[in-house]
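The values are calculated or read from the model by the stated rules, or taken from the named source; none is laboratory data. These numbers come from a predicted model, not from an experiment. Cβ placement follows ideal geometry from the backbone for every residue including glycine, while neighbour counts extend to all protein chains displayed. These area figures cover heavy atoms from the full protein model, side chains too; ligands, DNA and RNA do not enter into them. Shrake-Rupley method; radii C 1.70, N 1.55, O 1.52, S 1.80 Å.
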Amino acid sequence: MDSPARTTNAPLRRETLHHSAVAELRAMILEGELPPGRRVPEMELCEQLGVSRTPLREALRVLAAEGLVELRPHRGAVVTPIDPKEIAAIFQVMEALESLAGRLACDNGSAEAFAELDRLHGELVAQFQAGERAAYSTTNRRIHGWIVAMAGNPVLEATYKGFAAQLNRARSLANYDADRWQESLAEHEAVMDALRRRDAAAAAALLADHSRRTADAVLNTLRQGNEAGAVSKEGNRSVSDHPADTAGSQ
C-alpha cells in the first residue's frame, strides 16, 4: 500500500503533538491524500509524523467527532465514506450560495479584497502549472472562502462554512481527474474576469455553473468508486485495497 504523500519526517514538538497530528490528518483527508473508505495506516503515519500511537489515536478520536473518520472495532480507523445523495443535496444548496456570494462580492468587495483575490488566483495558476495538486486544492478552498467573505454577509458566510468540510473533500476528488482539473482552472479564469469587471450577474452565473460542473464531476467519481467497491467486496479484497485508494490516479 502506498504511503500518504507527505514528505516531512521531522518529529512534531512534544507540546504540540496532539494538535499538530489533528491538523496534519485533517489536511490529508480534506486534500484527498487519505481518500474516503480507506483504512488509516497508523504505523506509517506514526513514522511519517514522528509521533507515537497515543497522540495519533487521540487525534483520530477528534476527527471521529468531526465526522471525518470512523473508529471501527477490530479494524481501526477508516476515512468516512462520502454519501453521494448527501453530497448532491449539499451541492444544490452551495450552488445558490456561490451565486449569491459572487453577486454580493461585486457589490461589496473593497479594492484591497480584490487585490488579495487576484494574488490568490495567481497562486492557483502557478500551482496548476507546477502540477501541485494538494497546494492547488488548498488555494482553491481559500479562493471560494474569500469570495464568500468579500460578500460581506455574515449569515451567508456562516451557512457556507457549515457545509465546507464535506464539500472540500468532495472537490479534491474531482480535481484529481486531469481533464476536470484543466476545466476547473478555465472556469476560475472566467469567474475572475467577471469579478474584476464587477459584473455581478455574470459572476453569479459563472460561480453557479462552476459549482454545478464540480458537483457533476464529484458525483461521477463517487459513482465509479461505489461500483468498483461492489466488485471489490465480491472479490473479498481488504479495506486497504479499496478502489478509493486510487481515486487520485490519472
So which helices (runs of 4 or more DSSP H) stay within the stretch 76-151 end to end and still have 3 or more residues that are modelled with pLDDT of 95 or more and more than 17 Å from residue 192 (Cβ to Cβ)? 84-108
Has the stretch 98-117 got any residue that is open to solvent by 10 Å² or more (accessible area, probe 1.4 Å), within 16 Å of residue 170 (Cβ to Cβ) and not hydrophobic (A, V, I, L, M, F, W, C)? no
Considering only residues of the stretch 30-75 that are in a strand (DSSP E or B) and open to solvent by 20 Å² or more (accessible area, probe 1.4 Å), which is farthest from residue 164 (Cα to Cα)? 72
Looking at the stretch 193-228, which of its residues are crowded, with 22+ Cβ neighbours inside 10 Å and either free of Cβ contacts under 8 Å to residues at least 12 places away in the same chain or under 15 Å from residue 114 (Cα atoms) (or both)? 195, 203
Looking at (1) at pLDDT 95 or above; (2) under 21 Å from the mean Cα position of the chain (by Cα); (3) of a type in the set (A, V, I, L, M); (4) buried (at least 21 other Cβ atoms within 10 Å of the Cβ), which is the one condition that is false for residue 185? (4)
So which residues in the stretch 176-188 are touching a residue at least 60 places away in the same chain (Cβ under 8 Å) and under 18 Å from residue 141 (Cβ atoms)? 176, 177, 185, 188
Restricting attention to the stretch 147-157, does a residue exist that is acidic (Asp, Glu) and open to solvent by less than 30 Å² (accessible area, probe 1.4 Å)? no
Got at least one residue in the stretch 163-170 being of a type in the set (S, T, N, Q) and part of a helix (DSSP H, G or I)? yes
If I filter the stretch 94-105 for residues that are more than 16 Å from residue 206 (Cβ to Cβ) and small (Gly, Ala, Ser), do I get at least one hit? no
